[in-house]
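Peer 1: Structure in structure tokens, see below.
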Amino acid sequence: MSLDKATVQKIAYLARIEVKDEELEPLARELSGILHWVEQLSEVNTEGVAPMTSVAGELALPMRQDKVSDGGYPEKVLLNGPETTNGFFLVPKVVE
Amino acid sequence: MAYLIEGDTGPWEIVVGLEVHAQVVSNAKLFSGAATAFGADPNSQVSFVDAAFPGMLPVINEMCVEQAVRTGLGLKAQINLESVFARKNYFYADLPQGYQISQYEKPLVGEGEVIVDLPDGRSTVVGIERLHVEQDAGKSMHDQHPSKSCIDLNRSGVALMEIVSRPDIRSPDEAGAYLRKLRSILRYLGTCDGNMEEGSMRADVNVSVRKSGEDYRTRCEIKNVNSVRFVMQSIEVEARRQIELYESGGTVLQETRLFDPGKGETRSMRSKEHAHDYRYFPDPDLLPLKLSPDFVAKIKASLPELPDEKKDRFVRDYGLTPYDAGVLVVDRASADFFESVAKGRDSKLAANWVMGDLFGALNSTGKTIDTSPVSAAHLGELIDLITDGTLSGRLAKDVFALMVESGKAPSVLVEEKGLKQVTDTGAIEAVIDQVMAANADKVAEYRSGKDKLFGFFVGQVMKASGGKANPGVVNDLLKSKLAG
Amino acid sequence: MSDVTHLTMTEALALLGKGELTSVDLTKAHLAGMEQARSLNAYITETPEKALAMAGESDKRRKAGQAGLLEGIPLAIKDLFCTEGVQTTAGSHILQGFKPPYESSVTTNLWNQGAVMLGKANLDEFAMGSSNMTSHYGAVKNPWKRKGDERDLVPGGSSGGSAAAVAACLAMGATGTDTGGSIRQPAAFCGIVGIKPTYGRCSRFGIVAFASSLDQAGPMTRTVGDAALMLKAMAGHDPKDSTSAPQPVPDFTKSVGASIKGMKVGVPKEYRPDGLSADIIGAWDKGLAWLKEAGAEIVEVSLPHTKYALATYYIVAPAEASSNLARYDGVRFGLRVPGNSLDEMYMKTRAEGFGREVKRRILIGTYVLSAGYYDAYYAKAQKLRTLIASDFSQAFETADVLLTPTAPTPAFGLGENLDDPITMYLNDVFTIPTSLAGLPGLSLPVGLSSDGLPLGLQLIGRPFDEETVFKAAHVMETAAQFKRWEAR
């Protein structure tokens, strides 16, 4: 799969990474190169093979008890915030 | 009768499916130990997991799984013993992880159904496509700061059940009845408090219209509608918008819309449409959720009697009409109240008192069954007093009014106010004698054949006894005395 | 006493136990070494006050008879582990100024066993790299140089700072993390021992995530015995990590020195590609000979899907990373570049905050998960992963442990291999299959290349059988008599 500039632009937006116009072309080439390379997988017949998400998949998902054991420290939650006020994080105003 | 909207080109049918987001009743969040209580200070119920700090990992709350299974069983649905949590990736200010942990290809609960009772007495079945468990997002507030939006993550990570119906709903009334029934089931199960004002139940409404016999046409999704009334209104409004579009030669675009109850219209949320691609994939921080048949069986064994079963039993055991039974079982408290009143008593009389007098009184005083000033025991006692002849029907109504006012037991009130019915024949005979003496002319007329005057005498006797004379005794005695 | 920083942990613990050394003195010696060797850029953050305070506490505990497994041992912590109140950067600009209000489970375990933190070690940004050149805080220099050549070499990556610090005796050991070779490859490049344990052996809680299904923490030390000891201290089931294995932690130190008589050592035939350097092949053959001499049996095994492991990895890891790194959005911690809208703020923050390689992987990961491409890329890679893992299961039906090279080359020059990402990715060709299968892999130095650089071999074990790996590793270590710092 060769990526064109528009696709790179779309992917960059999905990932919320600003890409300058002049970077689009070289980035498209670079990403296309990687994609071509990984496409070698298509030569393997994987019919009937189950996908593996995790090697730990055989284990049962551990569950915890329904107890309040965390939270209650808003000052710690907000401590590293670039912009906060009155207990809130602030972001540029969202117009809906 | 099918619900149709008449357009310029003839009648249109509407097709509706609902995606209900129901907040799971639990102490702690789905993947963290932070509290879920409503209305706390901003960011005070937030763990580092909920705020998606680096290196934080989710660990699932067993109670949330149980609640979702319980709900699935209550919806007569298939429980999938293996289900998978997947990440739904998108950026938003109140979505700290940059993804929502949800379920995609393998939900916890598969197909089920809800029997919906309609106001006209009909019932219809709405299919459930699936139920899955997911995290709620935080809250963005846009009106607290001139140039910024404020983010509170208290809700972030609270467990939700998304209950997706099939597009089986054909009218606003059906949609309303479906939501009420679903809420009733969730409340019976104790899995969601169903409180739409606090946002613990919200609906996304998928609406399309079609001509009779057609396949489905393009649908629009109205996001986040937060009351039954608004759901019903938004369906009507959106269906009319689509019909107008079609009839003026336009087409309906598949899009997300917002209902504005003030303006009574839906409008496009184009901003949200922008290049969405959720890139679902199995969450590698969580293993597949595998449940043992035993886990499910234990929950099944602990299910309470649900509205439909209770309704059937009320019809069967108490001889109620399906309609009356349906009204009584809407919430568990009313049903329980009725049952304790009806137990060992005339059930029809009990139903009439609960649904007529009690519900009326609660309605006019703005109270609920849980805060009712009249307890089930007191209402039962009142019915006993009627049955044993202590109170006449009329007196009972008076006593009931006093019970609503004071919260006192009927026997106490009867004693206090001397409202006991008089059945002593001697006392009643004395009153009859008085009345006959005072109306000698009428007695003569009666005896000369004017039978209709009998009612007059009864009225006079009752009045003279202050309403306390037993009407049956009065009738008998009057008849023999007037006969001379 | 000669330089205490050259001691192994085991030796230092013996001296500490006898009262011939204090943790404070040991720590001071390391802090002094760190100051002198700043040009290596092994540490992003040095924490001398904290180190001395911890060392002081440690000496008190030892006096009180409450010594832990690593009581008083000064360590470097890869700056991917969150450390409470101490800046944690992941080597990225985007986490600028971030001080976690919590501690990772692995470091908590280490502190509970008495270890002392010297500082936070440099790494490739978000652990993405094999050279440590992608760090926002600058490249790390390998303490080793080619014979008669003063040019600086890379320490490998991503745990390059950890490897350099341990090799240069700026720490007695270091934590590393390994997603596709990030412990083993730098260990090989710097001539030290590093083990990526079985996936699930060490908790991931509090470690900045790169690719959740692959990330594992492990120790980097100068000897096999130290690695066994340190892994014992780090490992253990953690209810805060749902993928952490509820397995008891064996006493790995008991495997060190144990006999390997009758052990079957597998040699995967696919790990001998054309053009593999004579140095590497020579080292490998030597390693097999030592094991045979100690009573092991050498068997050939086949891992037929090996050639697809790299491509599989470069779909799976970026896909997970694209999602894991979505949380760096300028809202709750780290860098924020202002913007007029929420989207603009996100895009500027992430454009400035992430380096080139990280962005590249996020974009690839976003693409392979996107609508219409998921099946062709991500789902396909997951299926290949199944095949790769089952290759290993089959190999382990005939072999108890596998021996392979760790990396196809010794350390290369700073700035080399930067032009083409795929060339760089090839560094991990021998380590990635193990990661995809979640198996334990240990790299140890076995000799020097013709130009005088350390060469590492990798031992791969069955799931949760680090003990067999340690047994074989110790036999090879004893035979190799690898000269560490003395060689430089």
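The values are calculated or read from the model by the stated rules, or taken from the named source; none is laboratory data. On a predicted model such as this, the values are computed, not experimentally measured, just so you know. Virtual Cβ from ideal backbone geometry, glycine too; neighbours counted across all protein chains shown.
Peer 1: Tell me, which residue of the stretch B:8-50 that is touching a helix residue (DSSP H, G or I) at 6+ places or on another chain (Cβ under 9 Å) and either surrounded by fewer than 17 Cβ atoms within 10 Å (Cβ to Cβ) or outside the structural domain of B:Gly190 (by TED's automatic domain parsing) (or both) is farthest from B:Asp120 (Cα to Cα)?
Peer 2: The extreme case among them is B:Asp41.
Peer 1: Could you please give the count of residues in the stretch B:241-258 that are in a helix (DSSP H, G or I) and surrounded by fewer than 17 Cβ atoms within 10 Å (Cβ to Cβ)?
Peer 2: Residues of the stretch B:241-258 that are in a helix (DSSP H, G or I), as a first pass: B:241-247.
Restricting the remaining residues to those that are surrounded by fewer than 17 Cβ atoms within 10 Å (Cβ to Cβ) gives B:244-245, B:247.
Number satisfying all stated conditions: 3.
Peer 1: Filter the stretch B:279-293 down to the residues that are within 7 Å of another protein chain (Cβ to nearest Cβ) and part of a loop (DSSP other than H, G, I, E, B) and list them by number.
Peer 2: Selection gives B:Arg279, B:Pro284, B:Asp285, B:Leu286, B:Leu287, B:Pro288.
Peer 1: With respect to the numbered conditions (1) crowded, with 20+ Cβ neighbours inside 10 Å; (2) more than 24 Å from B:Arg279 (Cα to Cα); (3) within 11 Å of chain C (Cβ to nearest Cβ), which one is the sole condition not fulfilled by B:Ser147?
Peer 2: Going through (1) crowded, with 20+ Cβ neighbours inside 10 Å; (2) more than 24 Å from B:Arg279 (Cα to Cα); (3) within 11 Å of chain C (Cβ to nearest Cβ) one by one, B:Ser147 breaks only (1).
Peer 1: Sticking with this structure for a sec: Which of the helices (runs of 4 or more DSSP H) found entirely inside the stretch C:293-409 contain at least 3 residues meeting this: modelled with pLDDT of 95 or more, within 24 Å of B:His276 (Cβ to Cβ) and within 12 Å of chain B (Cβ to nearest Cβ)? Before the answer, list the steps.
Peer 2: Details: elements: C:309-324, C:342-353, C:356-369, C:380-398.
Fully inside the stretch C:293-409 and qualifying: C:309-324, C:342-353, C:356-369.
Peer 1: If you go through the stretch A:76-90, how many residues are more than 9 Å from chain C (Cβ to nearest Cβ) and more than 15 Å from B:Gly138 (Cβ to Cβ)?
Peer 2: 2
Peer 1: Shifting gears a bit: Taking the criterion of being in a helix (DSSP H, G or I), within 26 Å of C:Glu320 (Cβ to Cβ) and either within 11 Å of another protein chain (Cβ to nearest Cβ) or not charged (D, E, K, R) (or both), would at least one residue in the stretch C:122-129 satisfy it? It would help to see each step written out before you state the result.
Peer 2: The first filter runs over the stretch C:122-129 and keeps only residues in a helix (DSSP H, G or I), leaving C:125-127.
Filter once more, keeping what is within 26 Å of C:Glu320 (Cβ to Cβ): C:125-127.
Retained after the next criterion (residues that are either within 11 Å of another protein chain (Cβ to nearest Cβ) or not charged (D, E, K, R) (or both)): C:126-127.
Yes: the stretch C:122-129 contains one or more residues that are in a helix (DSSP H, G or I), within 26 Å of C:Glu320 (Cβ to Cβ) and either within 11 Å of another protein chain (Cβ to nearest Cβ) or not charged (D, E, K, R) (or both).
Peer 1: Can you find a residue that is touching a Ser or Thr at 6+ places or on another chain (Cβ under 8 Å) and assigned to a strand (DSSP E or B) anywhere in the stretch B:423-441?
Peer 2: No; the residues of the stretch B:423-441 include none that is touching a Ser or Thr at 6+ places or on another chain (Cβ under 8 Å) and assigned to a strand (DSSP E or B).
Peer 1: While we're looking at this one, here's another question. Just give me the residues in the stretch C:210-258 being aliphatic (A, V, I, L, M) and touching a Leu at 6+ places or on another chain (Cβ under 8 Å), in sequence order. Break it down into steps so the answer makes sense when it comes.
Peer 2: To start, the set of residues in the stretch C:210-258 that are aliphatic (A, V, I, L, M) comprises C:211, C:214, C:217, C:220, C:224, C:227-231, C:233-235, C:245, C:249, C:256, C:258.
Across the stretch C:210-258, the qualifying residues are C:Leu214, C:Val224, C:Ala227, C:Leu229, C:Met230, C:Ala233, C:Met234, C:Ala245.
Peer 1: Right, next: Any chance the stretch B:260-270 includes a residue that's in a helix (DSSP H, G or I) and within 30 Å of B:Arg87 (Cβ to Cβ)?
Peer 2: Restricting attention to the stretch B:260-270, the residues satisfying the condition of being in a helix (DSSP H, G or I) are B:270.
When the remaining residues are screened for being within 30 Å of B:Arg87 (Cβ to Cβ), the result is B:270.
Yes, the stretch B:260-270 contains at least one residue that is in a helix (DSSP H, G or I) and within 30 Å of B:Arg87 (Cβ to Cβ).
Peer 1: I've got another one for you. Confirm whether C:Phe464 is on the phi > 0 side of the Ramachandran plot, of a type outside the set (Asp, Glu) and out of contact with any Asp or Glu (no Cβ under 8 Å at 6 or more places or on another chain).
Peer 2: Numbers: on the phi > 0 side of the Ramachandran plot: yes; of a type outside the set (Asp, Glu): yes; out of contact with any Asp or Glu (no Cβ under 8 Å at 6 or more places or on another chain): yes.
Here the answer is yes, as C:Phe464 does meet what is asked.
Peer 1: Give me the pairs, please: first residue somewhere in the stretch A:53-75 and at negative phi and within 9 Å of chain C (Cβ to nearest Cβ), second residue anywhere and of a type in the set (Lys, Arg) and buried (at least 18 other Cβ atoms within 10 Å of the Cβ), beta-carbon distance under 8 Å, and either six or more positions apart or on two chains.
Peer 2: Within 8 Å, no pair qualifies.
Peer 1: Something else: Failed condition for A:Gln9, given (1) more than 8 Å from every other protein chain (Cβ to nearest Cβ); (2) of a type in the set (S, T, N, Q); (3) within 30 Å of B:Ser44 (Cβ to Cβ), with all others met?
Peer 2: Failing condition for A:Gln9: (3).
Peer 1: Collect the residues in the stretch C:145-188 that are surrounded by fewer than 23 Cβ atoms within 10 Å (Cβ to Cβ) and either touching a Leu at 6+ places or on another chain (Cβ under 6 Å) or part of a loop (DSSP other than H, G, I, E, B) (or both), keeping them in residue-number order. Working first, answer last.
Peer 2: Of the residues in the stretch C:145-188, the ones surrounded by fewer than 23 Cβ atoms within 10 Å (Cβ to Cβ) are C:145-153, C:169.
C:Lys145, C:Arg146, C:Lys147, C:Gly148, C:Asp149, C:Glu150, C:Arg151, C:Asp152, C:Cys169 - these are the residues of the stretch C:145-188 that are surrounded by fewer than 23 Cβ atoms within 10 Å (Cβ to Cβ) and either touching a Leu at 6+ places or on another chain (Cβ under 6 Å) or part of a loop (DSSP other than H, G, I, E, B) (or both).
Peer 1: In the stretch A:19-56, how many residues are surrounded by 15 or more Cβ atoms within 10 Å (Cβ to Cβ) and of a type in the set (S, T, N, Q)?
Peer 2: 4
Peer 1: When you scan the stretch C:136-155, do you find a residue that is within 14 Å of the chain's Cα centre (by Cα), within 29 Å of C:Gly447 (Cα to Cα) and modelled with pLDDT of 95 or more, even just one? Step through it out loud before you land on a result.
Peer 2: So the first thing to find is which residues in the stretch C:136-155 are within 14 Å of the chain's Cα centre (by Cα), and the list is C:155.
Narrowing the set further to residues that are within 29 Å of C:Gly447 (Cα to Cα) leaves C:155.
Subset that is modelled with pLDDT of 95 or more: C:155.
Checked against the condition, which is being within 14 Å of the chain's Cα centre (by Cα), within 29 Å of C:Gly447 (Cα to Cα) and modelled with pLDDT of 95 or more, the stretch C:136-155 yields at least one hit.
Peer 1: Search the stretch C:238-253 for residues being within 20 Å of the chain's Cα centre (by Cα) and of a type outside the set (D, E, K, R), and hand back the single one that is farthest from C:Ser212 (Cα to Cα).
Peer 2: That would be C:Thr253.
Peer 1: Within the stretch B:61-69, is even one residue within 14 Å of chain C (Cβ to nearest Cβ), surrounded by 23 or more Cβ atoms within 10 Å (Cβ to Cβ) and over 30 Å from B:Tyr178 (Cβ atoms)?
Peer 2: no
Peer 1: Determine if the stretch C:110-117 includes at least one residue that is surrounded by fewer than 19 Cβ atoms within 10 Å (Cβ to Cβ) and within 24 Å of the chain's Cα centre (by Cα).
Peer 2: Within the stretch C:110-117, the subset surrounded by fewer than 19 Cβ atoms within 10 Å (Cβ to Cβ) is C:112-113.
Narrowing the set further to residues that are within 24 Å of the chain's Cα centre (by Cα) leaves C:112-113.
Taking every residue of the stretch C:110-117 in turn, at least one turns out to be surrounded by fewer than 19 Cβ atoms within 10 Å (Cβ to Cβ) and within 24 Å of the chain's Cα centre (by Cα).
Peer 1: Something else now. Tell me, which residue of the stretch B:150-171 that is more than 18 Å from B:Ser26 (Cα to Cα) and surrounded by fewer than 21 Cβ atoms within 10 Å (Cβ to Cβ) is farthest from the other protein chains (Cβ to nearest Cβ)?
Peer 2: Per the criteria, the residue is B:Arg170.
Peer 1: Give the residue, chosen from C:Ser277, C:Ser244, C:Ser259, C:Ser255, that is buried (at least 23 other Cβ atoms within 10 Å of the Cβ), touching a residue at least 12 places away in the same chain (Cβ under 8 Å) and polar (S, T, N, Q).
Peer 2: Values: C:Ser277 fails: buried (at least 23 other Cβ atoms within 10 Å of the Cβ); C:Ser259 fails: buried (at least 23 other Cβ atoms within 10 Å of the Cβ); C:Ser255 fails: buried (at least 23 other Cβ atoms within 10 Å of the Cβ).
Testing whether each residue is buried (at least 23 other Cβ atoms within 10 Å of the Cβ), touching a residue at least 12 places away in the same chain (Cβ under 8 Å) and polar (S, T, N, Q) leaves just C:Ser244.
Peer 1: Another question, if that's okay. Which of the numbered conditions does B:Lys139 fail, given that it passes all the others? Conditions: (1) of a type in the set (Lys, Arg); (2) in contact with a Lys or Arg (Cβ under 9 Å, 6 or more places away or on another chain); (3) away from chain C (no Cβ under 14 Å).
Peer 2: Of the numbered conditions (1) of a type in the set (Lys, Arg); (2) in contact with a Lys or Arg (Cβ under 9 Å, 6 or more places away or on another chain); (3) away from chain C (no Cβ under 14 Å), the odd one out for B:Lys139 is (3).
Peer 1: Considering only helices (runs of 4 or more DSSP H) fully contained in the stretch C:1-105, which possess at least 1 residues that are within 21 Å of the chain's Cα centre (by Cα) and modelled with pLDDT of 95 or more?
Peer 2: Working: elements: C:9-18, C:23-36, C:48-63.
Correct list: C:9-18, C:23-36.
Peer 1: Which of the numbered conditions does A:Gly87 fail, given that it passes all the others? Conditions: (1) touching a helix residue (DSSP H, G or I) at 6+ places or on another chain (Cβ under 8 Å); (2) closer than 18 Å to C:Ala381 by Cβ.
Peer 2: (2)
Peer 1: Another question about this same structure. Having 1 or more residues that are within 22 Å of B:Val473 (Cα to Cα) is the bar; report the helices (runs of 4 or more DSSP H) wholly within the stretch B:359-422 that clear it. Don't jump to the end; show me each part of the working.
Peer 2: Working: elements: B:359-365, B:376-387, B:393-406, B:410-417.
Ranges flagged: B:376-387, B:393-406, B:410-417.
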